[in-house]
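J.: So that we are looking at the same thing, I have put the structure below in structure tokens.
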């Protein structure tokens, strides 16, 4: 029932004092980082829409933005493109590759699609 913006802001809970989380009081900087993360994954124009109304590929990109908000050093993506159409799968995988190459964040993915693994992954464990 959360909006895209609220869903991504949840990624900041680990670095937010408890009393602020009780009232959903996020700082201006956290809100700006949220909008930057949504822009990065191409979802900023959906910020006030409920996540439940989005397609599977869009929901995956919201989850990636939430991981960016957590300032993770490693992103674990368990079958991030399962049940997605080819175009959505390409967008999600391009986004994960961009995060890895430009931010230096390690991305570990599990894939059943060998062609995607060969196209996007530097190392493959079979």
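J.: Mean residue ellipticity at 222 nm from the helices of the chain, using -39,500 (n - 2.57) per DSSP H segment of n ≥ 4 over the full residue count, to the nearest 500 deg cm²/dmol?
T.: Value at 222 nm, helices only: -15000 deg cm²/dmol.
J.: With the chain treated as a Gaussian network of Cα nodes joined by springs under 10 Å, which of 98, 115, 85 yields the largest mean-square fluctuation?
T.: Taking springs between Cα atoms under 10 Å, the residue moving most is 115.
J.: Separate question: Helix 28-40 against the longest principal axis of the chain: what's the angle in degrees, Cα atoms only, rounded to the nearest 10?
T.: Here the helix axis deviates by roughly 20 degrees.
J.: Give me the angle, in degrees from 0 to 90, between the Cα long axis of helix 86-103 and the longest principal axis of the Cα atoms of the chain, rounded to the nearest 10.
T.: With both axes taken from Cα atoms, the answer is about 70 degrees.
J.: OK, next. Roughly how tilted is helix 56-69, in degrees to the nearest 10 and between 0 and 90, from the longest Cα axis of the chain?
T.: In the chain, helix 56-69 runs at an angle near 60 degrees to the longest axis.
J.: Now for a different question. Sorted by mean Cβ packing within 10 Å, highest first, what order do the peptides 66-74, 36-44 take?
T.: Highest mean packing first, the order is 36-44, 66-74.
J.: Tell me, what is the Rg over Rh of the chain, with Rh the Kirkwood radius over Cα pairs?
T.: That ratio is 0.99, to two decimals.
J.: Once both labels are modelled 7 Å past Cα along the beta-carbon direction, what's the residue 18-residue 39 spacing in nm?
T.: 3.5
Rule-based calculations on the coordinates, nothing more; no lab input. Computed from a prediction, not measured in an experiment: that's the story for all the values here. Here the Cβ is made from the backbone with ideal geometry for all residues, glycine too, and neighbour counts use every protein chain on show.
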